[in-house]
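The values are calculated or read from the model by the stated rules, or taken from the named source; none is laboratory data. Please read all numbers here as calculations on a predicted model, not as lab measurements. We place every Cβ from the backbone using ideal geometry, glycine too, and count neighbours over all the protein chains shown. For the accessible areas, the whole protein counts, side chains as well, though only heavy atoms, and no ligand, DNA or RNA atoms are used. Shrake-Rupley method; radii C 1.70, N 1.55, O 1.52, S 1.80 Å.
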Amino acid sequence: MNLTDRHKASQTPGRRLAAARAILTRAAVDALLLTSRPSNRYYAGFSGSTSLVLIDAERARIYVDGRYVLQAGEEATGFEVVHAPRPLSSLLDDLSDRGVRRLGVEETDLDLATQRQIEAHGKLGNLELVAAGSLLAEPRMLKDAGEIAAIRRAAAIADEALTRVIPLMQPGVTERQIAARLEYEMRLLGAEEASFQTIVASGVRSALPHGVASMKALEAGDAVVIDFGARYDGYCSDMTRTIFIETAPAALRELYQLVLEAQETCLAGIRAGITGAEGDRLARDVIERAGYGAAFDHSTGHSLGLEIHEAPRLAATFTDPIPAGVLMTVEPGVYIAGLGGIRIEDLVLITPEGHENLTSSPKELLVT
Ligand code: ZN
Ligand code: ZN
């Protein structure tokens, strides 16, 4: 992060702290305890790996051990940095001093050991833990300009890395080598890391929707599903292309055109105001009509940000309208055991009129 970026980032904590304080009222809690790394980063601006954040109506504190005092002071604008050898104990002392009775927590992140320690803290006998995870996730759905810029950059890095790696996709090269080259190129292009474990699944393995790269060598006639992304300034990108090695068998060629049609139909219809379920239907109808409904066994898309999977989703279970300003993947796929699979995934920004596609790699069937 350069100085200009840091200046920009320093303007957001006030808004985010206000959003967290609005949750105090909505969840009817005295304080919020943020344990997850994405929440610590989002609400307090702290990018280190270990910290605890406590927010109540008057105070905003970040508890760190000696490794992170300087960093927290630099990054967590508007937060009081508490340097504690045992951050949780220190935080629990503060809770009892403040007479906190209802504490909002991230229920999917709070581990049993931490929970036990909270419960064992003698003076906190009456403390009630309240699930506040989905309320805390809500403000993260709509990305601000700085977040969109980071994701746009991450998507561009992934596109460029793929362009550089496609010429290496030849028979005899292993899936793992392709994954390693993609991740290496992304790092050279400025990514912090891959945004998740790179998927390179070739031949019959391409029928595994999440086939993490193996030692299998690419062979002529393989469909190769490459699903990967970059992390830039903390933010993830996500894209998938399916590329054929030397020749594309007729059956897979047909499936490729079907998945592409489903993906482009969804892209053509997606815009602010449609529900996640309606968006999912746009792609699924095309695949079901062709008789492959059972072979498309995952949802059509998901949002992302500091985490690779965030709400909302393009899924039957998501019946709320999607607002403008949400990032969404559109990634239908068809997977046939013993034959192979096809997936095509773009990352788009939802707008009132439709979408802006942040993924630029071509989608015409590509044979190396
Ligand atoms: Zn993906
Ligand atoms: Zn995805």
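Details
- Check on Glu364, assigned to a loop (DSSP other than H, G, I, E, B) and among the acidic types (Asp, Glu): yes
- Checking each residue in the stretch 291-314 for being open to solvent by 10 Å² or more (accessible area, probe 1.4 Å), out of contact with any His (no Cβ under 6 Å at 6 or more places or on another chain) and either within 15 Å of ligand 2 (Cβ to nearest atom) or touching a residue at least 40 places away in the same chain (Cβ under 8 Å) (or both) picks out Tyr292, Ala295, Asp297, His298, Ser299, Leu306, Glu307, Ile308, Glu310, Ala311.
- For Leu267, the conditions (1) away from ligand 2 (no atom under 15 Å from the Cβ); (2) surrounded by fewer than 20 Cβ atoms within 10 Å (Cβ to Cβ); (3) of a type outside the set (S, T, N, Q); (4) part of a helix (DSSP H, G or I) are fulfilled apart from (1).
- Selection from the stretch 220-237 of residues that are open to solvent by 10 Å² or more (accessible area, probe 1.4 Å) and either part of a loop (DSSP other than H, G, I, E, B) or more than 23 Å from Phe46 (Cα to Cα) (or both): Ala220, Gly221, Asp222, Asp233
- Strands (runs of 3 or more DSSP E) completely within the stretch 50-137 that count 3 or more residues being of a type outside the set (Gly, Ala, Ser) and closer than 30 Å to His302 by Cβ: 52-56
- Residues being within 16 Å of ligand 1 (Cβ to nearest atom) and either in a helix (DSSP H, G or I) or open to solvent by 40 Å² or more (accessible area, probe 1.4 Å) (or both) - total across the stretch 176-204: 8
- Candidate set from the stretch 231-257 (those that are within 12 Å of ligand 1 (Cβ to nearest atom) and not β-branched (Val, Ile, Thr)); member that is farthest from Phe196 (Cα to Cα): Arg241
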